[in-house]
Structures are given as structure tokens and as C-alpha cells.
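S.K.: Dumping the structure here so I can ask a few things about it.
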Amino acid sequence: MLKEMIFSGFGGQGVLSMGKLLAYAAMKEGKEVSWMPSYGPEMRGGTANCMVNISDRQISSPIVTEYDVVVVLNQPSLDKFESRVKKGGTLIWESTTIKNGPTRDDIHVVPLPAIDKATNELKNVKVMNMLVLGALVKLEPVVNRESLITALKDTLPKRYHNLIPLNEEAIEMGMSLVKDN
Amino acid sequence: MGDIKFMKGNEALAEAAIRAGMQGYFGYPITPQSEVVEYLALQEPKHDFVLVQAESEVASINMVYGAAGAGARTMTTTSSPGFSLMQEGMSYIACAELPCVVVNVVRGGPGLGTIQPGQGDYFQAVKGGGHGDYRLIVLAPNSVQEMADHTMLAFDLADQYRNPVLILSDGAIGQIMEKVELPDPVTTKIEKPWASTGKTPDRPRNVITSLYIKPEDMEQKNIELQAKYRKIEASEVRFEEYLLDDAEVVIMAYGVTSRICKKVVDLGREKGVKMGLLRPITLWPFPVERVAQLAAQERVRMFVTAEMNAGQMVEDVRLAANGRKPVYSTGRMGGILPTPEEILDFSLQHMK
């Protein structure tokens, strides 16, 4: 198993941290992982992304140009990465803010109103990324739900541990919003 | 399993330096290397080492010169434009035969360039970027694990040969996060009777200098340095091989590009082309002998080097192959990573 993924969105939407959490959780499950951020001046306000590879074997190239899974949280990211989803791969896109949705019909396209759900039902847009991550692991079971929760505990500073239940709820909600692949 | 962490390459390098018993760090922040300074600054209160954020790279390398002369395990880290500023100091340190570790997390150049990963500093690293006849031992890590392992090794090699050791990394390996098993801390301290630690009555004065006014003395110093370099060439060549046993096409790459090339080999073999990878781990001393052996083998049709520059290591491969087999060079410049497909297509075209 080798899953090559990219997460892309505005700086501040949590794309780097969701990728990092997923990679960490997979590492804890004994898998080989790599996480590569974009680190240009786009970090603030512009579009940031991170590539995450998860594999049973040693990862040869940490940098890839075509992906099994693409997660896009803004329009520029969708425009840039829709063509880079491998045939038969999965494209998860944030459908509250992205106006021009994907057009390809040879990939599995998953619209997700993550910003709307996080803002109106969870009352905290900051956990939008966890909601997306929940949907992702339901569609592509690269790690199990418990590993994500453990990863949150391991990586969040103690002072934020009061937010773990909310993050857990976001993950659950994301999982409930999509059907199995 | 030991101490397993999920870390950036730059952080793993910084942590390994602490575990190697580094006593003095002198550096100046520059992307994509800044995490080293950040990590060490956070750790400094908990450990027994000195950290100075210098006013420039020129200052950092001279602080390293001073600390190394006093017998301390010392390191500086920078990225390409900063390493250029250090060249005078590198030459002085090499001549004064002082052990230290210098890290260049390379970005795209020339000039102030881009902050994206690059490999354009190969010549500067292995041919001597400063003046005079000198050599650095140059290590080229290609994973977060090696960022840690090479740091431990670099401190040891520096002390063993009293020579500066350069870790030539790149922005990708510095920024990437991977699993790393951290090495155990070093507990033994190496004796450095040559260091300028204050004269005692039982020995003559220790002098640290790179100034030899009389040409006869300067020549003698050069003869000694060259003898040391031959010794290093004889014992410190390191490389990794991947599927070379039956390879007809030998791909050569180092650093992040070597990771990409592992995939090139896999993709090539899926298409029925017998490819293999020879990855120099030490860029100096270069695996000359291994390249020559491969070039002499009938089944080997050609070499392809892949670098993130206009073709620099390719010159060393050509020298080693010595005309016996064609050596082709491919890659991208300006901070762009080549794709496995690009390198594979280039190789296949040259097989026709």
C-alpha cells in the first residue's frame, strides 16, 4: 500500500496541521510516512499545501506530482490540483466556498460542506480541517479513527487538550457526511 | 526500538548535534535552514552548550574557528548565500586543521536566489569554495534519519581528521518530516592536546594559525594536508547502491534527487529497462573507484546523473568513468524538483 496525497488551502485553514496529524497517526500505526510542506511566502493568506505519503514500505520519493488523494479547501487549490488526481483517485473539495466545482468524471469526486458544518453545527470554524480529515479516513482508511485521536493527544500542547472532544466531534461528523468508497 | 520521533530534517539535525555533545553553536537564520537555529535556541536552556545568534555568517564561521581552536565540538548551519559568505573562514579553518561541522541546507541560486530546494552548491562544496588547496569531507543526507546520523558521523570525522566536515543538505530534506530514530547521546570526550586551552609548564605553546609566511613552510603544510586528504580518500568513501547488480543504466544522484531517482529505477524496471542507482553519500571523497568498476563492466551501457543544477556532479562521474561509457546529465534548476517521469524519459531517449 502506498497512498500519495496532497492537502491544499489558504494559509490558516489548517492544511499543514491536518496533513501532519494524519502522517503522525500513520507512523504510530507502524507505517512509513513523509510530510513535505510548501514553505514559500504563501504561508500567510495565500495558498499553502503539504504532501503526505503513507506506505507499508520505505518511501522512495517524498515529492510526487500525481496523487491518489487530493484535498482542496479553496478555489485556487482546486484549479491547480484537479488535473493531478490519478485516474480513479479521490478528490475531496470544500463545497461551501468553492464556487466552480471539479469537472472530471474519471475520478471519485467528493463535495464536502465542511466550512458550513463547522461554523453552523460545531460553532467553531477552526475544526473544519478535522471534519475534512474525518471524511478522508472514512473514504480512504489509511489510519483508524482512534489513531487520529491519540495523535491529537500526542501533538497538541497540554493547554489545548480541552479542545480534543470538539476535534473528536468534528472527525465523527466528517465521517458521517460521506459514504464508503 | 530507540527514541522514535516525527521530525523535520532540520530539527533532527539540531537534536543530533546536541546528542553528539556539541558545545558551541554559532549561526544566523536563513530559509530553508532556520529551524535548526530555532530548535537549538529552544533547547539551549536545558543543555550545556553555548548558542550565539551571530550578526552575520562571516561572524558565525569565525566564532566556529575560535571555538574549534579552543577544542570545543562546534557547528554552524546556513543556506547557500550564507555559505558563500563563510568561504574565507572555511579556508582558514581547513588550513589551521580545526575540527568543526558546517551545514549548508541548499536553496536555488545563484545570487540571493529562491528559498526553494537546490543543489547548485555542489562545486562550491567539493572543489573548495574558498581559496587555496583544501578539501572538506562532504556528506549528503537524503532522509530525516540521515540528517541525524550524518550529524553524529560529521562530528566524529571532524575530530578524527582535524578537518571541517560539511553536511550538504537541501531545502527538501531540511523541511520534510519523517520518522527518525534518534541516536544515543555521546558520553565520551575526545582529548585534544593540540587545542589552545592555556599553556601549562609541561608542554610547548599550542599555536592555531593559517599563516605561513615562508614558502617552504607553506609548502610543507600543503604536503601534510594533501597526505591527510589521500588518507581520507582511502578510508572514508561512502555510497549506497540500489539494484545495480544487473543494471544497464546507472543513475547517479544525491540528496533529495536520489530519493526521486529510486522511483525512476522502479518505474524503469516496470518498463523492462534494467536500471540501478548509485548514490554517493560522501560527495568528497567521491566514489571514484566504484564508478570506474561499473564503467568497465560490459553490461553497463551508460550513466545518467540527475541533479537540481545545470550539471555539476556529472563532471566527477565523467572523470571517474574516464571515457569508457557515456555520461548524460539531466535535472532542473532554480529550485524546481525534477519529476521521476522527466528523468526516466530523459534516460529512455538516450538509450535509443
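S.K.: Considering B:Ser79, B:Ser60, which residue is assigned by TED's automatic domain parsing to the domain that holds B:Gly171, more than 30 Å from B:Val207 (Cβ to Cβ) and at pLDDT 95 or above? Full working, then the answer.
M.R.: Working: B:Ser60 fails: more than 30 Å from B:Val207 (Cβ to Cβ).
Selected residue: B:Ser79, the only one of B:Ser79, B:Ser60 that is assigned by TED's automatic domain parsing to the domain that holds B:Gly171, more than 30 Å from B:Val207 (Cβ to Cβ) and at pLDDT 95 or above.
S.K.: Taking segment B:54-69 on its own, how many of its residues are open to solvent by 10 Å² or more (accessible area, probe 1.4 Å) and over 15 Å from B:Ser210 (Cα atoms)? Reasoning before the result, please.
M.R.: At the first step, the residues of segment B:54-69 found to be open to solvent by 10 Å² or more (accessible area, probe 1.4 Å) are B:55-59, B:62-63, B:65-67.
Filter once more, keeping what is over 15 Å from B:Ser210 (Cα atoms): B:55-59, B:63, B:67.
Selection size over segment B:54-69: 7.
S.K.: Give segment A:27-57 a look and list any residue that's more than 10 Å from chain B (Cβ to nearest Cβ), surrounded by fewer than 19 Cβ atoms within 10 Å (Cβ to Cβ) and part of a strand (DSSP E or B), or say none.
M.R.: The answer is A:Ser55, and nothing else.
S.K.: Would you mention how many residues in segment A:1-15 are surrounded by 23 or more Cβ atoms within 10 Å (Cβ to Cβ) and outside any loop (DSSP other than H, G, I, E, B)?
M.R.: Summing the residues that are surrounded by 23 or more Cβ atoms within 10 Å (Cβ to Cβ) and outside any loop (DSSP other than H, G, I, E, B) in segment A:1-15 gives 7.
S.K.: Test B:Ala310 against the stated conditions and say whether it is open to solvent by 10 Å² or more (accessible area, probe 1.4 Å), assigned by TED's automatic domain parsing to the domain that holds B:Asp149 and out of contact with any Lys or Arg (no Cβ under 9 Å at 6 or more places or on another chain).
M.R.: On the way: open to solvent by 10 Å² or more (accessible area, probe 1.4 Å): yes; assigned by TED's automatic domain parsing to the domain that holds B:Asp149: no; out of contact with any Lys or Arg (no Cβ under 9 Å at 6 or more places or on another chain): yes.
Here the answer is no, as B:Ala310 does not meet what is asked.
S.K.: Which condition number in (1) out of contact with any strand residue (DSSP E or B) (no Cβ under 7 Å at 6 or more places or on another chain); (2) more than 27 Å from B:Glu35 (Cα to Cα); (3) outside any helix (DSSP H, G or I) is the one that B:Asp184 fails?
M.R.: The one condition B:Asp184 does not meet is (2).
S.K.: Restricting to segment B:159-181, what's the tally of residues that are open to solvent by less than 10 Å² (accessible area, probe 1.4 Å) and over 12 Å from the mean Cα position of the chain (by Cα)?
M.R.: 8
S.K.: For B:Asp316, which of the numbered conditions (1) under 23 Å from B:Leu267 (Cα atoms); (2) away from chain A (no Cβ under 14 Å) fails to hold?
M.R.: Going through the list (1) under 23 Å from B:Leu267 (Cα atoms); (2) away from chain A (no Cβ under 14 Å), B:Asp316 breaks only (1).
S.K.: Now for a different question. Of all residues in segment A:155-177, which are surrounded by 13 or more Cβ atoms within 10 Å (Cβ to Cβ) and over 20 Å from A:Leu122 (Cα atoms)?
M.R.: A:Thr155
S.K.: Here is a follow-up. Restricting to segment B:194-221, give me the number of residues that are open to solvent by less than 100 Å² (accessible area, probe 1.4 Å), in a loop (DSSP other than H, G, I, E, B) and among the basic types (Lys, Arg).
M.R.: Residues that pass the stated criteria total 1.
S.K.: A follow-up question, please. Can you say whether B:Asp133 is away from chain A (no Cβ under 14 Å), open to solvent by 60 Å² or more (accessible area, probe 1.4 Å), in a helix (DSSP H, G or I) and not small (Gly, Ala, Ser), as far as the supplied structure shows? Outline the logic, then answer.
M.R.: Values: away from chain A (no Cβ under 14 Å): yes; open to solvent by 60 Å² or more (accessible area, probe 1.4 Å): yes; in a helix (DSSP H, G or I): no; not small (Gly, Ala, Ser): yes.
Judged against the criteria, B:Asp133 is not a match.
S.K.: Report yes if some residue within segment A:63-72 is open to solvent by less than 60 Å² (accessible area, probe 1.4 Å), more than 14 Å from every other protein chain (Cβ to nearest Cβ) and not β-branched (Val, Ile, Thr); otherwise report no.
M.R.: Yes, segment A:63-72 contains at least one residue that is open to solvent by less than 60 Å² (accessible area, probe 1.4 Å), more than 14 Å from every other protein chain (Cβ to nearest Cβ) and not β-branched (Val, Ile, Thr).
S.K.: Can you name the condition, by its number, that A:Tyr24 falls short on among (1) without any contact (Cβ under 8 Å) to a residue 40 or more places away in the chain; (2) within 10 Å of chain B (Cβ to nearest Cβ); (3) touching a helix residue (DSSP H, G or I) at 6+ places or on another chain (Cβ under 9 Å); (4) over 30 Å from B:Leu243 (Cα atoms)?
M.R.: Checking A:Tyr24 against (1) without any contact (Cβ under 8 Å) to a residue 40 or more places away in the chain; (2) within 10 Å of chain B (Cβ to nearest Cβ); (3) touching a helix residue (DSSP H, G or I) at 6+ places or on another chain (Cβ under 9 Å); (4) over 30 Å from B:Leu243 (Cα atoms), the one that fails is (1).
S.K.: Quick one: B:Ser196 ticks every box in (1) under 23 Å from B:Ile61 (Cα atoms); (2) touching a helix residue (DSSP H, G or I) at 6+ places or on another chain (Cβ under 7 Å); (3) within 14 Å of chain A (Cβ to nearest Cβ) bar one, so which box is it?
M.R.: (3)
S.K.: Can you pull out the residues in segment B:16-36 that are closer than 21 Å to B:Pro81 by Cα and either out of contact with any Phe, Trp or Tyr (no Cβ under 9 Å at 6 or more places or on another chain) or surrounded by fewer than 23 Cβ atoms within 10 Å (Cβ to Cβ) (or both)? Don't jump to the end; show me each part of the working.
M.R.: Going residue by residue through segment B:16-36, those that are closer than 21 Å to B:Pro81 by Cα are B:25-36.
Within segment B:16-36, B:Phe26, B:Gly27, B:Tyr28, B:Pro29, B:Ile30, B:Thr31, B:Gln33, B:Ser34, B:Glu35 qualify.
The values are calculated or read from the model by the stated rules, or taken from the named source; none is laboratory data. Fair warning: this is a prediction, and the values are worked out from it, not measured in the lab. Don't worry about glycine lacking a Cβ; one is built from the backbone with ideal geometry, like all the others, and counts go over all protein chains shown. The area values use the complete protein model at the heavy-atom level, side chains included, leaving out ligands, DNA and RNA. Shrake-Rupley method; radii C 1.70, N 1.55, O 1.52, S 1.80 Å.
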